[in-house]
Amino acid sequence: MLEEFKNDVIEGLSRITNKALPSKYFYDKRGDDLFVKITQLPEYYLTRAEMEIFQKRTADIIAALDLDSKKRYSLVELGAGDGTKTVHLLRALVEGNFDFEYLPVDISSDALDGIAAFLNAELPALAIKPSHSDYFKALENFKQDGTAKIILFLGSNIGNLTDDQATEFIYRLGSSLGVGDKIILGVDLKKAKEIILPAYNDQQGVTAEFNLNLLDRMNRELGTNFKRTGFIHAPIYDEEVGIAKSYIKSLQRQSVTLGRHRFSFAKDELIHLEVSRKYDDDVVKQILSRTDITWEHKITDSNNFFADYILQR
Ligand code: AVI
């Protein structure tokens, strides 16, 4: 893991132009804590909007899933989250006497322990089996277990992939599923820049801290010598395409070392960190067109900010 991190940093920062670092490295312990804070910010509407869907439109989600009371289901959640959204769907399924098991999958055992404790307290009757695993390895293990699958991939996590990566992801998901299996895909929708950009540039500076924490992480884990005061958080929203992009901007001409490597930054040079893709029906159709997954239903919040698409293999 550390070797991969180091190689990604060397590759991304040695470039003369278009320097970049993968956003997956945001999530060390501090990054996880800052992300939880982000989800509670007044500007970060995404979590509240999807929560509204799971709280108020549970019956619509269940109707859209078109469940068969004679089948056994596995509800597989990719990325365990904190369970506060999923619990509404799980409660309705327990109360509806559906035959199912909840299988959260995450590479963080802390996240899995947290969700298991929360759900055991909230829904003692729920059958829950956490998997500490890579998503696709877990799906491979579940493939032959004789249950119909419902995959949850919420929170606009797919938005942190480029469209090509998202296509590849959905394609691979499709190949781990049987015909008739479902996916609930949560995506943030395209909307005005005035709403989206503040979600990635909040007043309290939590998102700035979330991005700049990566400099501290590189200093701590890889021994780089980034100076925090030499860089700022610089997000943009490209309204035409519908992508929020986060950058770190170098405030002056400077260089940073990692062992024998030296990375040079011009004044105002940008390091690209993250894409947060915003979706509409055309983007969804475009991505699905290169997979064997089809779109069945779309369920949105009352502001039309966020959608959970119900897809089928
Ligand atoms: C996890 N992901 C969906 C978040 C997003 O909105 O793209 C990550 C994030 N980055 C900055 N704020 C939140």
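Read-outs throughout are calculated quantities, based only on the coordinates presented, and are distinct from any laboratory measurement. Computed from a predicted structure; not experimentally measured. With ideal geometry, Cβ positions are generated from the backbone for all residues, glycine too; neighbour counts draw on all protein chains shown.
Brief remarks on what is shown
- One quarter of the surface of the convex hull around the alpha-carbon atoms of the stretch 103-162 equals 5.1 nm², the direction-averaged projected area.
- Treating r as the C-beta distance of Ser69 and Asp216 and R0 as 45 Å, the FRET efficiency rounds to 0.30.
- Contact order normalised by residue count of the chain, Cα under 8 Å, 6+ apart, percent: 22
- Extension gain, Ile107 back to Ile236 (0.36 nm per residue minus Cα-Cα distance, nm): 43.5 nm
- The Cα atoms of the stretch 1-58 give a gyration tensor whose axes a ≥ b ≥ c have a/c of 1.5 or more with a/b greater than b/c, which makes the shape prolate.
- Each Lys or Arg adds one and each Asp or Glu takes one away; over the other residues whose Cβ falls under 14 Å from the Cβ of Ser131, this sums to -3.
- Pairwise label distance in nanometres, Thr294 with Met51, each label 7 Å out on the Cα-Cβ vector: 3.6
- Intensity falloff of the stretch 25-83 expressed as log10 I(q)/I(0), Debye formula with alpha-carbon point scatterers, at q = 0.13, 0.22 Å⁻¹: -0.53, -1.02
- Based on DSSP H segments of at least four residues, each scored -39500 (n - 2.57), the chain has a per-residue ellipticity at 222 nm of -11500 deg cm²/dmol.
- The local environment of Thr58, defined by Cβ-Cβ distances under 14 Å, has a net charge of -2 under the rule Lys, Arg +1 and Asp, Glu -1.
- Considering all C-alpha pairs of the stretch 167-225, those separated by over 16 Å amount to 69%.
- Comparing Leu214, Leu21, Leu123 in a Gaussian network model of the chain (Cα springs below 10 Å), the most mobile by mean-square fluctuation is Leu123.
- Surface/4 estimate of mean projected area, convex hull on alpha-carbon atoms of the chain, nm²: 16.1
- Cβ-based charge dipole, the stretch 234-313, positive-most Cα from Val283, Ile310, Ala266: Ala266
- Full-extension gain in nm, Asn7 to Lys137, via 0.36 nm per residue minus C-alpha separation: 44.4 nm
- For the stretch 178-274, taking Cα atoms only, Rg and Dmax work out to 17.3, 56 Å respectively.
- Rounded FRET efficiency, nearest 0.05, which uses the C-beta distance separating Asp32 from Ala59 and R0 of 30 Å: 0.35
- Centre-to-centre separation between the Cα atoms of the stretch 78-135 and those of the stretch 139-192: 17 Å.
- Overall shape: oblate for the stretch 129-244, with the ratio a/c of the largest to smallest alpha carbon gyration tensor axis at 1.5 or above and b/c at least equal to a/b.
- Placing R0 at 30 angstrom, the Cβ-Cβ distance between Tyr171 and Ser264 gives a FRET efficiency of 0.20 after rounding to 0.05.
- Residue order for Lys143, Lys190, Lys85, fewest other beta carbons within 10 angstrom first, comes to Lys143, Lys190, Lys85.
- Lysine pairs with alpha-carbon atoms under 28 Å apart, the stretch 95-245, spacing 8 or more or separate chains: 14
- Tyr44 sits among other residues whose Cβ lies under 12 Å from its own Cβ, and their net charge, with Lys and Arg +1 and Asp and Glu -1, is -2.
- Linear extension gain, Thr17 paired with Asp280, 0.36 nm per residue minus alpha-carbon span: 91.6 nm
- Comparing mean-square fluctuations of Leu173, Leu75, Leu67 from a GNM of the chain with C-alpha springs under 10 Å, the top value falls on Leu67.
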